[in-house]
Each structure stands twice: as C-alpha cells, then as structure tokens.
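Here is the structure we will look at.
Just so it is clear, none of the values below were taken in a lab; they were calculated from the coordinates. These numbers were taken from a predicted model, which means no experiment stands behind them. Here the Cβ positions follow ideal geometry from the backbone for every residue, glycine too, while neighbour counts run over all protein chains shown.
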Amino acid sequence: MISYRIAREKYKNSLSGIGAAKFGARWNSAGIEIIYTASNRALAMAELLVHLDMNEVPEDYYMISIHIPDNLKMKYINAKDLPSQWNKMVEYKAITRSIGNAFVQENEYVILSVPSAVVRGDYNILINPHHISFGDISIQEVEPFPFDHRLFE
C-alpha cells in the first residue's frame with residue numbers, strides 16, 4: 001500500500017510523529033507520537049488545506065509517497081462504529097483521541113485506518129512510529145507539490 005503526506009521542505013525526508021505530539025490532533029493527545037498520512041493524494045491535500053491560511057499560497061510543500069508493506073498488521077475504524085457527530089472537532093475529540101492513543105500505547109498494530117473528517121468516504125492512514133514493524137515502512141518518493149493558486153482565490 002502507498003499512503004501520502006504533504007510536508008514542508010525541511011520535513012520532506014522524515015517520518016516522525018513528533019509534530020503531532022506537540023499539540024495533539026484529532027486522533028492523538030499531546031505527547032503521543034503518531035504519523036498522519038492519507039490513502040490518496042487528494043485527501044492529503046484536503047487534510048492540509050483545512051489548516052492553512054487561505055491568504056497565503058504555500059510554496060515549499062512536498063508530496064511524500066510512503067510504502068507500507070501489505071503484510072503489516074493494520075486495524076480499521078469505520079465511521080459507522082463512531083458516534084454520529086465524531087467528526088465535529090470539539091464535541092468528540094476525546095473519543096477519537098482515546099482511540100488513537102490506545103492504538104499507539106497498546107502497540108499491537110503499526111497501522112490504523114480511520115475515516116477522514118474532511119472527505120467523507122476517504123480514509124487516513126495513521127502510523128505508529130514505536131511499533132517494531134515501523135522500520136519496514138519507507139519513503140518511496142518525494143516530489144515538489146505546488147498548489148494550484150486558484151485554490152486560494
């Protein structure tokens with residue numbers, strides 16, 4: 001499987017959950033390292049765009065293609081198994097964070113597939129950087145990712 005993430009130039013050759021651990025995010029609390037990736041390029045872009053200032057077109061982003069061997073143990077979370085309003089950031093953040101935190105702390109799986117809150121029907125691929133199989137995951141390709149300026153007009 002290939003998953004995707006968009007990162008600034010200084011992070012383009014690194015797979016680390018340190019950034020997510022600084023403040024926490026939808027699927028992890030602060031202090032819990034997890035790597036957020038997407039199941040496709042368009043989702044990677046959408047997941048990033050919801051966090052960008054639309055007054056500024058980013059110029060130094062890269063698309064990172066990440067190879068995840070098919071034999072690695074993966075856990076799936078379906079949207080239908082979550083509360084109906086799980087994708088609302090404030091109301092259900094504790095629920096989604098507890099799922100992601102448990103995924104990392106239990107350390108049974110290296111991959112957690114979770115529904116995207118940005119694009120219904122698509123899935124994000126979360127990677128546990130502390131799992132014994134994490135070393136089998138590798139960056140396959142890094143290429144500049146210029147955003148179409150019409151997205152910011």
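Quick notes
- Relative packing of 118-130, 97-109, 66-78, which averages over residues the other C-beta atoms within 10 Å, highest first: 118-130, 97-109, 66-78
- Viscosity 1.002 mPa s, 20 °C: Kirkwood-radius Stokes-Einstein D of the chain over Cα pairs, µm²/s: 135 µm²/s
- Contour minus Cα-Cα distance for Ser138 and Glu56 (0.36 nm per residue): 26.4 nm
- For the chain, the dipole from Cβ point charges (+1 on Lys and Arg, -1 on Asp and Glu) about the Cα centre works out to 440 debye, to the nearest 20.
- A helix-only calculation puts the chain at -5500 deg cm²/dmol for mean residue ellipticity at 222 nm, using -39500 (n - 2.57) for each DSSP H run of at least four residues, averaged over all residues.
- For region 1-56, the Cα-based Rg and Dmax, in that order, read 11.7, 35 Å.
- Modelled FRET efficiency - R0 25 Å, His67 with Ala46, Cβ distances, 0.05 increments: 0.70
- Converting phi to 3J(HN,Hα) with the Karplus coefficients 6.51, -1.76 and 1.60 and the offset θ = phi - 60°, region 93-98 yields 4, 4, 5, 5, 5, 5 Hz in sequence order, with x at every glycine or proline.
- Partner aspartates and glutamates for Lys75 [C-alpha distance under 18 Å; skip if fewer than 8 residues away on the same chain]: Glu33, Glu106, Glu108, Asp122, Asp136
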